[in-house]
Amino acid sequence: MDLAWYALLGLFFASYLVLAGYDYGVGLLLARGVGPAGRREALTALGPFFLGNEVWLVAAMGILFGAFPLLEGELLAGCYPVVVGALVGVILVTVGVQLRSRPSHERIRARWDRVVVIGSALAALGWGALLAALLQGVPLQVDGHVAGVTHLATPFAAAAGLAMVTVVAVHGATFLTVRLSAEAAAAVGHTARRLVPVALTAVALATVVGLLSARVRDAVQRPAVAVLLPVLLVAALLAARAALTRRRPGWALVATGAALALPVVLVGAALWPYVLVSTTDPDASLRVADAAASAPTLRLLGWVALPLLPALLGFQAMCWWVFRGRTDGRAPVYW
């Protein structure tokens with residue numbers, strides 16, 4: 001049962017990164033990717049999905065708190081700088097998008113745009129660094145507590161955070177090719193194609209830093225799975241670029257979404273059967289089975305989660321169906 005809940009936690013968090021990832025990607029593009037006249041259109045394209053995407057983060061946090069109380073305590077305590085940074089970014093994006101749309105002077109809107117850009121960068125950096133911290137291990141002591149937060153200040157965590165920012169930017173630009181008017185989509189599609197080599201470079205940098213890191217090599221339980229991660233990331237990004245070149249934005253969006261889901265899935269698989277690997281005392285490493293709540297608690301939570309997943313999936317599908325057209329009212333050619 002603990003494996004099922006571990007997979008469910010990964011599913012919810014991966015879904016959050018895929019769906020909210022294009023929120024933050026569009027936010028990053030407000031800096032330079034779209035002109036002042038296109039910022040409003042970009043945010044309009046994002047509007048119907050914006051708040052609904054954050055629900056997946058709430059659901060993932062609910063599973064973490066309820067099904068994995070030991071993991072929740074040590075993960076948030078040992079990685080609180082990046083977790084708090086990511087959550088601050090989420091709040092800044094939400095506030096910035098909401099207040100920017102109110103009637104105001106253009107300079108005020110530009111300031112809120114900068115808030116959205118900063119929040120998007122913080123969110124992407126924070127979640128990328130959190131996944132890197134899991135993959136490289138934490139200083140978990142015999143008493144079960146993480147010692148300090150200095151383990152976050154590593155080249156691998158920084159490189160992984162940067163890679164997440166670039167992949168999110170590609171995802172956001174690809175999303176706009178699906179939603180914007182045909183003319184605007186062609187321009188932002190060019191931006192998305194130019195961003196793919198940047199993302200590939202960032203992924204390659206994070207891969208090299210990870211391979212050179214003794215912490216990562218010691219923490220990973222399944223090296224073959226860990227090596228598979230950058231290979232599949234590169235394949236997904238190249239597939240996205242090929243689809244954009246062939247004017248198939250729907251397939252490109254699927255590929256960039258896969259690039260954001262893959263780190264969650266493969267980091268969890270590379271660490272199994274552990275969820276936190278100790279870099280100081282191997283015997284202190286926390287197994288998934290030990291981190292999970294008791295069997296009666298998991299069964300009780302199952303009655304809540306069982307209807308929650310189809311409800312969330314149904315809501316997301318309904319949103320995409322209702323708002324499937326471009327912002328100019330035309331039906332897009334997805335595939």
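Mind telling me which of Ala259, Ala123, Ala186 comes out most flexible in a GNM of the chain, alpha-carbon contacts under 10 Å?
Ala186
Say each of Phe65 and Trp272 gets a label point 7 Å from the Cα, pointing the same way as Cα to Cβ; how far apart are those two points in nm?
My value for the distance between the label points is 2.8 nm.
Taking the Cβ of Arg114 as the center, what net charge do the other residues with Cβ under 15 Å away carry, scoring Lys and Arg +1 and Asp and Glu -1?
Computed value for this residue: +4.
Taking a probe of 1.4 Å, how large is the accessible area per residue of segment 145-250, in Å²?
It amounts to 44 Å² per residue over segment 145-250.
Please work out how much accessible surface Trp112 shows to a 1.4 Å probe, ignoring ligands, DNA and RNA, in Å² rounded to 10.
Trp112 has an accessible surface of roughly 70 Å² with all protein chains in place.
Please identify which residues in segment 38-53 have an amide N closer than 16 Å to a label point set 7 Å out from the Cα of Glu106, following the Cα→Cβ vector.
38-41
If I ignore ligands, DNA and RNA and count only protein heavy atoms, how much of Met61 is accessible to a 1.4 Å probe, in Å² to the nearest 10?
In the full protein context, Met61 sits at about 50 Å².
Output the 0 to 90 degree angle, nearest 10, between the alpha-carbon long axis of helix 80-100 and the longest principal axis computed from the alpha carbons of the chain.
20
As a test question: what accessible area, to the nearest 10 Å², does Ser213 have when a 1.4 Å probe is rolled over all protein chains in place?
Approximately 20 Å² for this residue.
Taking only the C-alpha atoms, wrap a convex hull around segment 195-335 and report its volume per residue in Å³ as a whole number.
Cα-based convex hull of segment 195-335, divided per residue, equals 138 Å³.
Evaluate the Debye formula for segment 203-258 with equal point scatterers sitting on the alpha carbons, no solvent, and hand back log10 of I(q)/I(0) at q = 0.13, 0.14 Å⁻¹, in q order, two decimals.
With no solvent term, the Cα-only Debye profile gives -0.42, -0.47.
Tell me the carbon and sulfur percent of the accessible area for the chain, rounded to whole percent, probe radius 1.4 Å.
Answer for the chain is 70 percent, counting heavy atoms of protein chains only.
Residues of segment 181-216 with the amide nitrogen closer than 20 Å to a label point 7 Å from the Cα of Phe323, along Cα-to-Cβ, please.
In segment 181-216, the label zone of Phe323 (backbone N under 20 Å from the point 7 Å along Cα→Cβ) covers 181-186, 188-189.
Report the label-to-label distance for Thr201 and Val227 in nanometres (one decimal), using points 7 Å from each Cα along the Cα→Cβ vector.
2.7
Add -39500 (n - 2.57) for each DSSP H run of 4 or more in the chain, then divide by its residues: what number comes out at 222 nm, to the nearest 500 deg cm²/dmol?
-27000 deg cm²/dmol
The values are calculated or read from the model by the stated rules, or taken from the named source; none is laboratory data. Every value quoted in this text rests on a predicted model; they were computed, and no experiment measured them. Neighbour counts are summed over all protein chains in view; Cβ atoms, including those assigned to glycine, are modelled from backbone coordinates with ideal geometry. What goes into the accessible areas is simple: the full protein's heavy atoms, side chains included, and nothing from ligands, DNA or RNA. Shrake-Rupley method; radii C 1.70, N 1.55, O 1.52, S 1.80 Å.
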